[in-house]
1. Counting Lys and Arg as +1 and Asp and Glu as -1, each charge on the Cβ, what is the dipole of the chain about the Cα centre in debye, to the nearest 20?
2. Dipole magnitude of the stretch 74-165 about its Cα centre, charges +1 at Lys/Arg Cβ and -1 at Asp/Glu Cβ only, in debye to the nearest 20?
3. 222 nm [θ] for the chain, helices only, -39500 (n - 2.57) per DSSP H run of 4+, per residue, to 500?
4. State the answer as a single residue: which of 137, 157, 109 lies farthest towards the positive end of the charge dipole of the stretch 92-193, with beta carbon charges of +1 for Lys and Arg and -1 for Asp and Glu, about the Cα centre.
5. Once amide H atoms are built 1.01 Å from N in the peptide plane, which residues 5 or more positions from residue 58, or in another chain, come under 5 Å H to H?
6. Mind putting a number on the dipole of the stretch 3-61 about its Cα centre? Charges go on the C-beta only, +1 for Lys and Arg and -1 for Asp and Glu, and I need it in Debye to the nearest 20.
7. I'd like the trypsin sites (Lys or Arg not before Pro) in the stretch 46-94 restricted to DSSP loop residues with at most 12 other Cβ atoms within 10 Å, sorted by number.
8. For the charge dipole of the chain, defined by +1 on Lys and Arg C-beta atoms and -1 on Asp and Glu C-beta atoms about the Cα centroid, which residue among 26, 173, 52 has the Cα displaced farthest towards the positive pole?
Amino acid sequence: MLVLEEGAPRCLDCADLGHLVFLPSGDTALTRRSREESALSAVVVRFNRRKGRYERQGVLVEEAGLARAEARCLADAEARRRRRVRDAARRAAQDLRFTDAFAAEIRRLFPGCPAGRARSIAEHASVRGSGRVGRSAAGRALSERAVISAVVASVRHVDTPYDQLLMNGVARQEARRRIAGVVEAVLAGWRASGVGVE
């Protein structure tokens, strides 16, 4: 491990951090409490060349501080476990309500879209942490543009040979150009009220 000091790398011992122990990322409560219990701590990052940014790897903390933090975490582990279970149940209920609202908005914009298909599009687009359009700010606000984007993406992948074109080496924009007519035809059918309703 190296520390940059005035633009030059220093080893941990040279930077007076050699007595600290490394605590990897992963346990938020332990990390927070270890930093509280340590008079000296440092964040450890690694540069990810592919993403072009530094990513947190963990922290350096005093060994005694880590021991005290571990004791605190053990003392209230059951309470934190129960809170995580409650929070997970609350998030699951929120996700279900959001998926229902997203599917209803799809059906409003595309009344001819089969109910089951609208539901599957909404479930796919709204997976928490997926980065898909349904989890974007516009998606959470149920903006018309975000909902249409989710429907178009589904039609592209399910109702056209788009994926096969990509697998055959066709460039993404060219593949989209080739299947645009099919996508528009499906959307036009779904926009027509009562067509394809299940």
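1. Dipole about the Cα centre, nearest 20: 740 debye.
2. Working: 19 positive and 10 negative charges, 95 e Å.
With Lys and Arg at +1 and Asp and Glu at -1, about 460 debye.
3. Values: 8 runs with 112 residues, N = 198.
Taking each H run of at least 4 residues, the total per residue is -18000 deg cm²/dmol.
4. So the residue we want is 137.
5. 25, 44
6. Its charge dipole is roughly 500 debye.
7. Working: sites: 46, 49, 50, 51, 53, 56, 68, 72, 80, 81, 82, 83, 84, 86, 90, 91; in loops: 49, 50, 51.
Here the sparse-neighbourhood loop sites are 49, 50, 51.
8. Value computed over the given set: 173.
No value in this document is a laboratory result; all are computed from the given coordinates. What you see is a predicted model, and the numbers here were worked out from it, not measured in a lab. In this analysis, Cβ positions are derived from the backbone assuming ideal geometry, glycine residues included, and neighbour counts consider all displayed protein chains.
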